[in-house]
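Q: What follows is a structure written as C-alpha cells; I'll ask about it next.
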Amino acid sequence: MADTAVVEKKAKEPLFSKKNRQLMVDPLDDQNPITVQVLGICSALAITTQAMNAVVMTISVMFVLMAGNVIVSLMRNGIPDRIRIIVQLVVVASLVILVDQVLKAFMYDVSKQLSVFVGLIITNCIIMGRLEAFALGNKPWPSLLDGFGNAVGYGAILIIVGVFREILGSGKLFGIALLGDAAEKTGLYGMGYMNNNLVILPPMALIFVGIIIWIQRARNKSLIEAH
Amino acid sequence: MDKNSNGYTFGFAIVMVIVVGSLLSLAAVSLKPFQQENIQKEKKQNILASINVVTSRSEADALFSEYVKKQVVINNQGEVVSEEDGSAFGIDVKKEYKEWKAGAREESKLNFPLFVCNKDGEDYYVVPMVGTGLWGPIWGFVSLKGDLNTIFGANFDHKTETPGLGAEIKESIFEEQFSGDQIYANGEVAFVIMKGGGGSDNPNGVDGITGGTITSKGVEEMLQRTFEVYKPYFEKIKS
C-alpha cells in the first residue's frame, strides 16, 4: 500500500459544510425522492391511510437508509464490482429484517398494520438508488447525511398524504377524533358531513401525491422538464 | 490484491454471509421472548373478545385471569385429557391443525382446548378453532352460553384473505351475526353460512360475505368440524 502515502493533506472539511448541508436540504425540495424522482411510490400509496403508519414507515426507512448508506460507504473500497448489487441487497435486506423483528417485539400493533410493507422496504427504489448512486462513491459522513435528507424528503410527503387521508377518510388524526363522533352525529357529522371512504382507497393517494407535485412545480419552475 | 479476481469475490461473499447470518440470528433469538409475549397477549385479547370483553394489550393478563375460570383439554373422542390451569392456553391449535393436514399427526392425537369463562355470574364456554380460507389459514374463538348451544360471541381472524372480501370475516358486521344463533339442532351440528336470507329468522345460519364465498365456507367448515368434536363432551357435562 505504498501509493496511499503520497496523498496530500487537505484542510479538514467542516461537518456541516455548505456541500454537506446541501445533501440534506436538496432531497426536501429540488431532489425530493417521491415528487421529483418519482421513487418509492408504492409504499406511499399503501401505508398512508393513517398518519401514524406514515410516521412509523418514515422512521423505519430512515433507519434502513442511513444505516445502509453508512455500511455500504464503509465497505465501498472492498466491495468487488461484480457483486456490488448483491452486497447492497444483502445489507438492505438484513436491516429490514432487523426493523421488522424490532417492530414485532416492541410495537406489535403497528407491525401488524404495516405487515407486508415493512418487508417491502427492500423493494423501495429510493434505498437501492441512494446506495448505488451515492454511498458507493462517498465517505460515511456525507452518506449518512444523504440518507437522512432523502428519508426526511420521503417521510415529509408520506406524512402530508397520511394526515390528509386520515382526516378526510376517518375524521381522525393519529387516532384522535377531530370532527366529532360519526356514530353519535356530533360535531361536523351533525351538520351532515360524512367520511369520504374513497380517500381510504390506495388510488386516492396517487391523486394527493399528484396534487403535491403540481403545487411544487407551480412554485419551482426549474423542475418543469423542457420539451 | 485484485479486487475483481474470482477468489476475492468468493471470499468476500462468504465472509459477508457469515457476518450477516450471525448478526441476524442473534437479533432473532434475543427478541424472541418479547415477540412471544405479544402473541400470547393477543391470544388472550381474542379469547376475551369472544365473550365481548374488549381489552387493551396491557390489561389482557389481568382480565384474562379474572374472567377465565377453568381450562379443559379434550381429545377427538370428547374425553378430558387435562384440566390443569394453563393447559388449554398452551396448546397451539394452529400448529396442530397444520400437522394434521400434512398428515404428520393422527386425528386421535389432536388436542382440543376449551376455556370456561364467567362474566356477570353467567358461564360461557370459549372454543378455539382453526380452518382454511381462500388464501391461507383462518382462525377464531366462538363462545357458547351456558346451554352449550347458543352462540354468545365470535371473534375471527385470518392471515392472507383479500381485503374488502374474505378479510371481512374479522369485521364486527360479520361477527355480530353469530350472536344468538344455535350450533346444534336435534343433537346434530346444524350451523350453516348461507347466501342471502340466513339472517334473523334462521336460528342455525348466518349470511355469508358477498364476494367472500370461499372464505365464508371455510368459516362454516371450521365451525362444523370443531363443534362436531366437542359434541360428546358437551353432552357429558350437560347431563
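The values are calculated or read from the model by the stated rules, or taken from the named source; none is laboratory data. What you see is a predicted model; the values in this text were computed from it and never measured. Positions of Cβ are backbone-derived with ideal geometry, glycine not excepted, and every protein chain shown enters the neighbour counts. Surface accessibility is based on the protein's heavy atoms, side chains included, excluding ligands, DNA and RNA. Shrake-Rupley method; radii C 1.70, N 1.55, O 1.52, S 1.80 Å.
Q: For the protein assembly as shown, which whole-number percentage of the solvent-accessible area (1.4 Å probe, protein heavy atoms only) is attributable to carbon and sulfur atoms? Spell out each step's value before the answer.
A: Numbers: 15130 of 24540 Å².
For the protein assembly as shown, the apolar C and S fraction of the accessible surface comes to 62 percent.
Q: Let me ask another. So what is the orientation-averaged projected area of chain B, using the convex hull of its C-alpha atoms, in nm²?
A: Details: hull surface 72.0 nm².
Computing the convex hull of the Cα atoms and averaging its projections yields 18.0 nm².
Q: Here is a further query. Take region A:102-227, drop everything but the C-alpha atoms, weight them equally and run the Debye formula without solvent; then report log10 I(q)/I(0) at 0.11 Å⁻¹ to two decimals.
A: One equal scatterer on each Cα of region A:102-227 leads to -0.60.
Q: Semi-axes, largest first, in whole Å: what does sqrt of 5 times each Cα gyration tensor eigenvalue give for region B:106-173? Mind showing how you got there, number by number?
A: Values: eigenvalues 125, 64, 12 Å².
With the √(5λ) rule applied to region B:106-173, the semi-axes are 25, 18, 8 Å.
Q: Can you check how the C-alpha radius of gyration of region B:72-203 compares to 2.2 N^0.38 Å, as a plain ratio?
A: Details: Rg = 15.7 Å, N = 132, 2.2 N^0.38 = 14.1 Å.
Here the Cα radius of gyration is 1.12 times the empirical estimate.
Q: Along each of its three principal axes, how wide is the spread of alpha-carbon positions in region B:163-233, in whole angstrom units, largest first?
A: 37, 24, 18
Q: What are the membrane-span-like helices in chain B by this rule: whole DSSP H runs, Cα extent along the axis at least 24 Å, mean Kyte-Doolittle hydropathy at least 0.0? If you can, show how the numbers build up before the last one.
A: Details: long enough: B:6-50 (61 Å, 0.45); B:213-238 (35 Å, -0.63).
Helix filter hits for chain B: B:6-50.
Q: Can you give the accessible area per residue of the protein assembly as shown, in Å², using a 1.4 Å probe?
A: For the protein assembly as shown, the per-residue accessible area is 53 Å².
Q: Compute log10 of I(q)/I(0) for region A:38-140 with the Debye formula, placing one identical point scatterer on every Cα and leaving out solvent, at q = 0.17, 0.18, 0.21, 0.23 Å⁻¹, to two decimals.
A: Calculated log10 I(q)/I(0) at the listed q: -0.74, -0.81, -1.03, -1.17.
Q: Report, please, the projected area of region B:11-71 averaged over directions, based on the convex hull of its C-alpha atoms, in nm². List each step's numbers first, then the result.
A: Numbers: hull surface 23.2 nm².
That works out to 5.8 nm².
Q: Could you tell me the distance between the Cα centroids of region A:172-214 and region B:86-107, to the nearest Å?
A: After rounding, the separation between the Cα centres reads 44 Å.
Q: If each DSSP helix of 4+ residues adds -39,500 (n - 2.57) and the sum is divided by the residues in the protein assembly as shown, what number results at 222 nm, nearest 500 deg cm²/dmol? Each step should come with its number before you reach the end.
A: Numbers: 13 runs with 224 residues, N = 466.
That calculation yields -16000 deg cm²/dmol at 222 nm.
Q: Continuing with this model, one more query. Could you check which residue among A:Ala51, A:Ala93, A:Ala133 shows the biggest mean-square fluctuation in a GNM of chain A with a 10 Å Cα cutoff?
A: A:Ala133
Q: Counting only other chains, what is the mean number of Cβ atoms within 10 angstrom of the Cβ of each residue in peptide A:211-224?
A: Values: counts 0, 0, 0, 0, 0, 0, 0, 0, 0, 0, 0, 0, 0, 0.
Per-residue shielding by partner chains comes out at 0.
Q: One quarter of the convex hull surface, Cα atoms only: what value does that give for chain A in nm²?
A: 17.2
Q: On to the next question. In whole angstrom, how far apart do the alpha carbon centroids of region B:114-158 and region B:171-239 sit?
A: Comparing the Cα centres of region B:114-158 and region B:171-239, I get a distance of 11 Å.
Q: Next question, about the same structure. Would you mind listing how long region A:105-163 runs along its three principal axes, going by Cα atoms, in whole Å with the largest first?
A: Its Cα atoms span 38, 24, 20 Å along the three principal axes.
Q: Which of the three applies to region B:192-239, rounded, prolate or oblate, going by the alpha-carbon gyration tensor with a ≥ b ≥ c and a/c under 1.5 meaning rounded? Present the calculation step by step, with values, prior to reporting the outcome.
A: On the way: a/c = 5.74, a/b = 1.85, b/c = 3.10.
Judged from the Cα gyration tensor, region B:192-239 comes out oblate (a/c at least 1.5, b/c at or above a/b).
Q: Another one. How many square angstrom of accessible surface are buried between A and B, both sides summed, with a 1.4 Å probe and rounding to 100?
A: Numbers: alone 13210 and 13210 Å², together 24540 Å².
By this definition, chains A and B bury close to 1900 Å².
Q: Let me ask something else. Restricting things to alpha carbons, find the Rg to Rh ratio for region A:163-227 using the Kirkwood radius for Rh. Before the final figure, lay out each step's value.
A: Values: Rg = 16.2 Å, Rh = 13.7 Å.
We get a ratio of 1.18 for region A:163-227.
Q: Say we join alpha carbon atoms closer than 10 Å with springs in a Gaussian network model of chain A; which of A:Gly147, A:Gly187, A:Gly155 then has the biggest fluctuation?
A: A:Gly187
Q: Related question: Pull out a ≥ b ≥ c, the square roots of the eigenvalues of the alpha-carbon gyration tensor of region B:26-128, then state rounded if a/c is under 1.5, prolate if not and a/b is larger than b/c, and oblate in the remaining case.
A: Numbers: a/c = 2.26, a/b = 1.07, b/c = 2.12.
Cα axes put region B:26-128 in the oblate bin.
Q: Report, in debye and to the nearest 20, how large the dipole of the protein assembly as shown comes out about its Cα centre when Lys and Arg carry +1 and Asp and Glu carry -1 on their Cβ.
A: Working: 43 positive and 48 negative charges, 414 e Å.
Approximately 2000 debye in magnitude.
Q: Report B:Trp139's accessible area, 1.4 Å probe, all protein chains in place, as a number in Å² to the nearest 10.
A: For B:Trp139, solvent-accessible area is about 40 Å².
Q: Quote the convex hull volume per residue of the protein assembly as shown, based on C-alpha atoms, as a whole number of Å³. Walk me through the intermediate numbers first.
A: On the way: hull volume 103.6 nm³, N = 466.
Each residue corresponds to 222 Å³ of Cα convex hull volume.
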